[in-house]
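Working notes for the structure below.
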Amino acid sequence: MKTSYVSNLAIQSAMRLTIQQNQSDLLKATQEQTTGRHYDVGLALGATASRSLNLQREMDRLNSMKSTNSVVTQRLSGSQGALETMAKAAEKVRDTLVTYKGNDAASQLKIQKTEIMGALQTFTAAANTSFNGEFLFSGINTDAKPIADYSTTPPSAAKTAFDNAFATFKTANGITDDSQITVAQIQDFIKNTAEPMFTGAGWDANWSDASNQNMTSRISASEVIESSTNANAKGFRMFALASVISAELMDKNVSPEVRAAIGVEALQYAEQGIAGLNAERSSLGISESRVKKASTSIDAQLKLVNTHIADLEGIDPIETSTRINTLKVQLETSYTLTSRLQQMSLLNFL
């Protein structure tokens, strides 16, 4: 009969390998319990892993679109706030014209001009509102300041152009003093000289650096909206026209009839400006509503995609918890056996 032996070193080495494997399995199982998905999705799903990847890409696309919609919503909200300020400035001009109608006293005309110029400054500041470093009312020229300041030192291009046009008009009509201007003449100047300066090329040359093309944003897979307006819209032009002709002409040495005619024309332009600004607010309001609905739809799609991903990649938490407890027991047993093996020595038996 032959007797053989097994080295305790070999047993200890095998036990250490078992411990290492159990530690690795415990680490993976713990991570699965924390994340709720397989440690190695590709290994767990096999051929169906491509479906999981497609769903992940779809989720990334939806999250990106949701993030874009959030920025669009903020930009639209900022635009609405600025447009509200501009509409109030236009209403201020209208109310001032109505309040001081028929007043020819120099002191009253001075107050009227001050209030109108103040409204114009408020309007200009609101029109030049920026968000995230981009001007809201510049169309696609987001880095360009949309509206130039009218009251500057030295005089702005817009004021210089208006003053020159008025002087040229008087010279062409043989007018040497403002008191000589008739109602027909002032109406002709406003309609045929001043108005084209705001509705034609003069607006781009002296007032606006904005683009006529508005910003567009994709808010869903199938929807693209205009997410801004621009300072070339009619409401902006008409407000500026009403402010300038009332501020620059009504305090001149003209007859009460001429001053009244100027007030009538300015009031009409102010009303057009208010209507135009409110139209822009309505248009952006529709865009805001569409963005909100699109975001709600995206949230629903994300919920559905997440559910599918969880079905594919998710683990059974009860089974995982049981596996973790089993691995812990095995590790404790391995540690105990290893400790006892290390204590084995012939000296203990001599």
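The values are calculated or read from the model by the stated rules, or taken from the named source; none is laboratory data. Small disclaimer: the values here were computed from a predicted structure and weren't measured. We place every Cβ from the backbone using ideal geometry, glycine too, and count neighbours over all the protein chains shown. With ligands, DNA and RNA removed, areas are computed over all heavy atoms of the protein, side chains included. Shrake-Rupley method; radii C 1.70, N 1.55, O 1.52, S 1.80 Å.
On average, how much accessible surface per residue is there in segment 154-195, in Å², for a 1.4 Å probe, leaving out ligands, DNA and RNA?
Counting only protein heavy atoms, the per-residue value for segment 154-195 is 51 Å².
Subtracting the Cα-Cα distance from 0.36 nm times the residue separation, let me have the gained length for Q187 to E271 in nm, one decimal.
The span from Q187 to E271 would gain 28.5 nm if fully extended.
Quick one: if the Förster radius is 35 Å, what FRET efficiency do E226 and A205 give, using the C-beta to C-beta distance and rounding to 0.05?
0.85
For segment 151-231, give the magnitude of the charge dipole about the Cα centre (Cβ charges: +1 Lys/Arg, -1 Asp/Glu; no others), in debye to the nearest 20.
Charge dipole, segment 151-231, about its Cα centre: 40 debye, nearest 20.
By a straight-distance test (C-alpha under 12 Å), which aspartates and glutamates pair with K145 as possible cross-link partners, with residues fewer than eight away in the same chain excluded?
Reachable aspartates and glutamates: E134, D209.
Under 1.5 on a/c is rounded, so check that first for segment 138-224, then, if it is not, pick prolate when a/b is larger than b/c and oblate when it is not; a ≥ b ≥ c are the square roots of the alpha carbon gyration tensor eigenvalues.
prolate
By how many nm would the segment from T171 to I140 lengthen if fully extended, with 0.36 nm per residue of separation less the alpha-carbon distance?
7.1 nm
Any aspartates and glutamates with Cα under 12 Å of the K191 Cα? List them, leaving off those in the same chain fewer than 8 positions away.
Cα-Cα hits under 12 Å: E265.
Let me know the shape class of segment 94-177, please: from the alpha-carbon gyration tensor, a ≥ b ≥ c as square roots of the eigenvalues, rounded when a/c is under 1.5, otherwise prolate if a/b is greater than b/c, or oblate.
The shape class here is oblate.
If I compute solvent accessible area with a 1.4 Å probe over the protein chains, what percent of it on segment 112-207 is carbon and sulfur?
C and S fraction of accessible area: 51 percent.
May I ask you to rank V93, V183 by accessible area, largest first, using a 1.4 Å probe over the protein chains only?
V183, V93
Which lysines, if any, have their Cα less than 19 Å from the Cα of K110, not counting same-chain residues under 8 positions apart?
The reachable lysines, counting only those whose Cα sits under 19 Å from K110, are K92, K101, K159, K252.
Report D149's accessible area, 1.4 Å probe, all protein chains in place, as a number in Å² to the nearest 10.
Solvent-accessible area, nearest 10 Å²: 70 Å².
Find the accessible area per residue for segment 215-290; the probe is 1.4 Å, ligands and nucleic acids are left out, and the unit is Å².
With all protein chains present, segment 215-290 gives 36 Å² per residue.
Round to the nearest 10 and report in Å² the accessible area of K292, as given by a 1.4 Å probe over the protein chains' heavy atoms.
Around 150 Å² of this residue is reachable by solvent.
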